[in-house]
Amino acid sequence: MAISDRKEREKEEMKTKILEAAKKLFLEKGFEKTSIRNIADLIEYSPGTIYLYFKDKNDLLFHLHQVAFQNLIVALINPNPAEKAIDRLEDMGNRYIAFAYENPEMYDLMFVMEAPIDCLDNADEIWDDGMKAFDLLKFLVMDCQKEGYLGEHELEDASLMVWSFVHGLVTLKCRKRLQMFGDDEEGTLERMMKSYRVFVDTIKGTKGK
């Protein structure tokens, strides 16, 4: 391996290490109460090292969001999509639930953790990343409407309804509110997907309306 390649690999490894530490502390202490020094102490480097890779704490939050939404988009895309849009909608919801279930900390960072995103210099870019994921759903809902489902609703309203349902399920899971059912982890995931299936069946009942 060339020296330049090794240095680039080491640089990426350090960035990943810093981001993982920042994510851990943001979720444990909150964004406002976490300092660059806290992050540096966790990885046992000086604060100056972090500034070699990131401009400030806001820049760390932005990069965490960017990576998280990129991973979500990849998770939502099925390389072998079903022929019917309504079946693809069920599959996408299940993929969303599975992503949140398998990456609870990442999901918390994206949608649940309180952070002053509106105050960030690159807040528009964060919203753009979120909208790219939402657009995947919106285009699919549009195809469902072409098949005769949800035709009585505006496209964005119908898409927001679908997202709100799955987001509600996974947020209940993230906040341990589904423990009331007494399921184990596998049973909880199955219950979430079963609930979403009931939701999709309800949508199927709107065909032609």
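Structure values in brief
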| quantity | calculated |
| --- | --- |
| N71 being of a type in the set (S, T, N, Q), assigned to a helix (DSSP H, G or I) and open to solvent by 40 Å² or more (accessible area, probe 1.4 Å) | yes |
| Total residues in the range 188-207, condition of a type outside the set (S, T, N, Q), in a helix (DSSP H, G or I) and loosely packed, with under 13 Cβ neighbours inside 10 Å | 4 |
| Among (1) crowded, with 16+ Cβ neighbours inside 10 Å; (2) farther than 20 Å from H65 by Cα - the single one K7 does not satisfy | (1) |
| Some residue of the range 15-27 being open to solvent by 20 Å² or more (accessible area, probe 1.4 Å), of a type in the set (D, E) and part of a loop (DSSP other than H, G, I, E, B) | no |
| Filtered residues of the range 135-145 (kept if within 10 Å of I86 (Cα to Cα) and either surrounded by fewer than 14 Cβ atoms within 10 Å (Cβ to Cβ) or not aliphatic (A, V, I, L, M) (or both)) | D143, C144, Q145 |
| Whichever residue in the range 28-44 is in a loop (DSSP other than H, G, I, E, B) and without any contact (Cβ under 8 Å) to a residue 12 or more places away in the chain and, among such residues, is nearest to M106 (Cα to Cα) | K33 |
| One residue from N94, N78 being within 13 Å of V200 (Cβ to Cβ), in contact with a Lys or Arg (Cβ under 9 Å, 6 or more places away or on another chain) and surrounded by fewer than 20 Cβ atoms within 10 Å (Cβ to Cβ) | N94 |
| Which listed residue is modelled with pLDDT of 95 or more and within 25 Å of K15 (Cβ to Cβ), from F69, F99, F165 | F99 |
| Count of residues meeting criterion [assigned to a helix (DSSP H, G or I), of a type outside the set (G, A, S) and open to solvent by less than 70 Å² (accessible area, probe 1.4 Å)] in the range 146-179 | 11 |
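The values are calculated or read from the model by the stated rules, or taken from the named source; none is laboratory data. These numbers come from a predicted model, not from an experiment. Because the Cβ atoms are built from the backbone with ideal geometry, glycine has one as well, and the counts that use them run over all protein chains shown. Heavy atoms of the whole protein, side chains included, go into the accessibility calculation; ligands, DNA and RNA do not. Shrake-Rupley method; radii C 1.70, N 1.55, O 1.52, S 1.80 Å.
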